[in-house]
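Quick note: the coordinates plus some simple rules give every number you see, no bench work behind them. Everything numeric in this text was worked out from a predicted model, so none of it was measured. Cβ atoms come from the backbone with ideal geometry, glycine included; neighbour counts cover every protein chain shown.
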């Protein structure tokens, strides 16, 4: 009797090969199903991760492509080739990034203070860029400079050349004055400059003198952040400046450099569409999209060292009109310096 009860109470060892094997098979199936389920979950997780990464890459490529198309479209709208007197045998190839070039920057007074006429080039700055020396030289030309303008066959203020014949007449007049080639130009009206500064979130400058202009106050040596409206006030003042219009020109160069560096910052990528819209409405240039791309890729290092100067003369009244008379020796010296920069 005892032996019989003991046998009945014996349990089948699941690790034993003896017995009916039903419990062993049941456990094996559960383990196998568990392993398959784990592999399935891991596989699904990897696929989901790859899908997510692929979607991000696709979205990024789509964004880059859209930006490319938008920039290309804007570059076409602002592209305005002009007839320029040839002072070079061949145009500078910017794609190689080896040869120096010159650019005339014109600030047109259209849009400023409600003006809507064709405008005059109240800001004239010649930029010469040398990639070998990694330097950029900026030369301001006073807007009242008395010089010969071919389209009217007489001497007049240099800023009137734009009113007489647009960017082409301005470029050719500057070429004759300085005896150097002007390879490219960029013309921006003052309203457009104001808008660009606002879009990039303002710029910071440090005034060299204290003055008040149009309700805005500036303190010498005290850094200040400028929005578009305040920036234009900053560059308009010349009567409170001991250097007169020369001081104003220095502030113009300061604003342009600050704005250029801010535009080159990737932090403004989110505002690129607003920037493009503003550029499209207020800028003209003979630079094509591929050339702009080459400029950024091959020449931006030359902005790290910038030297700025201005043609200087004296004021004189001629037939009741104020002009800036620049001595021939001053023009000759400036011309030689620019030619050396352009090699």
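Values for this structure:
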{"read-out": "Gain in span if fully extended, residue 79 to residue 281, counting 0.36 nm per residue against the direct Cα distance", "value": "71.6 nm"}
{"read-out": "The stretch 79-342: radius of gyration and largest Cα-Cα distance (Dmax), Å", "value": "17.9, 53"}
{"read-out": "Using a Förster distance of 56 Å, the FRET efficiency for residue 325-residue 132 (Cβ separation, nearest 0.05)", "value": "0.95"}
{"read-out": "Average Cα contact separation per residue, the stretch 79-342, under 8 Å, 6 or more apart, as relative contact order %", "value": "26 percent"}
{"read-out": "Two-site label geometry, residue 152 and residue 343: point separation in nm, points 7 Å out along Cα→Cβ", "value": "4.0 nm"}
{"read-out": "Ordering of 298-306, 314-322, 283-291, 217-225 by burial proxy (mean other Cβ atoms within 10 Å per residue, highest first)", "value": "283-291, 298-306, 217-225, 314-322"}
{"read-out": "Stokes-Einstein diffusion coefficient of the stretch 76-221, Kirkwood radius over Cα pairs, 10 °C, 1.306 mPa s, in µm²/s", "value": "93 µm²/s"}
{"read-out": "For the stretch 79-342, share of DSSP beta bridges that run antiparallel, in % to the nearest 5", "value": "70 percent"}
{"read-out": "The stretch 86-225, relative contact order in percent, only Cα pairs under 8 angstrom and at least six apart counted", "value": "22 percent"}
